[in-house]
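Taking it in order: structure first as structure tokens, then the write-up.
The values are calculated or read from the model by the stated rules, or taken from the named source; none is laboratory data. Here the structure is a predicted model, which means the values were calculated and not measured. Using ideal geometry, Cβ is built from the backbone for each residue, glycine included, and neighbour counts are taken over all protein chains shown.
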């Protein structure tokens, strides 16, 4: 693998985070304008998804951990809800962890850290 070529799996995960973050931010913006506290918290989580997506593409190792923490947070807040939501979020977390923690991804992020 070329030192500058991103693993396609990381690109896909980063793009999903960008899409979810931007779409969620736009969708929930009304709640923020209405002054709902949970609207502000929701917008913050959507912003963090965008940050994770951008910095995954910029080869920042810490963004892998932010992306995993973001999804783990969604698993945690799914616990009091329907089991189906918890299972779906759990499966998504497993897939994202598999993609971001694979040796191929680790090597790509490690090379950037060494070059910084």
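Residue count for segment 25-61, restricted to those that are part of a helix (DSSP H, G or I), under 30 Å from residue 107 (Cα atoms) and either touching a residue at least 40 places away in the same chain (Cβ under 8 Å) or touching a helix residue (DSSP H, G or I) at 6+ places or on another chain (Cβ under 6 Å) (or both): 11.
Which of (1) in contact with a helix residue (DSSP H, G or I) (Cβ under 7 Å, 6 or more places away or on another chain); (2) surrounded by fewer than 18 Cβ atoms within 10 Å (Cβ to Cβ); (3) at pLDDT below 95 is the odd one out, the single condition residue 109 does not satisfy? It is condition (2) that residue 109 fails. With respect to being in a helix (DSSP H, G or I), modelled with pLDDT of 95 or more, under 17 Å from residue 71 (Cβ atoms) and out of contact with any helix residue (DSSP H, G or I) (no Cβ under 7 Å at 6 or more places or on another chain), residue 16 fits the description.
Do we have any residue at all in segment 34-43 that's under 20 Å from residue 103 (Cβ atoms), surrounded by 18 or more Cβ atoms within 10 Å (Cβ to Cβ) and modelled with pLDDT under 95? No, there is no match, as no residue in segment 34-43 is under 20 Å from residue 103 (Cβ atoms), surrounded by 18 or more Cβ atoms within 10 Å (Cβ to Cβ) and modelled with pLDDT under 95. Would you be able to say whether some residue in segment 62-78 is assigned to a loop (DSSP other than H, G, I, E, B), more than 19 Å from residue 7 (Cα to Cα), modelled with pLDDT under 95 and out of contact with any helix residue (DSSP H, G or I) (no Cβ under 8 Å at 6 or more places or on another chain)? Checking segment 62-78: not a single residue is assigned to a loop (DSSP other than H, G, I, E, B), more than 19 Å from residue 7 (Cα to Cα), modelled with pLDDT under 95 and out of contact with any helix residue (DSSP H, G or I) (no Cβ under 8 Å at 6 or more places or on another chain).
A quick yes/no check of all residues on (1) crowded, with 18+ Cβ neighbours inside 10 Å; (2) in contact (Cβ under 8 Å) with a residue 12 or more places away in the chain; (3) under 23 Å from residue 41 (Cα atoms):
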residue: 73; (1), (2), (3): no, yes, yes
residue: 82; (1), (2), (3): no, no, yes
residue: 91; (1), (2), (3): no, no, no
residue: 105; (1), (2), (3): yes, yes, no
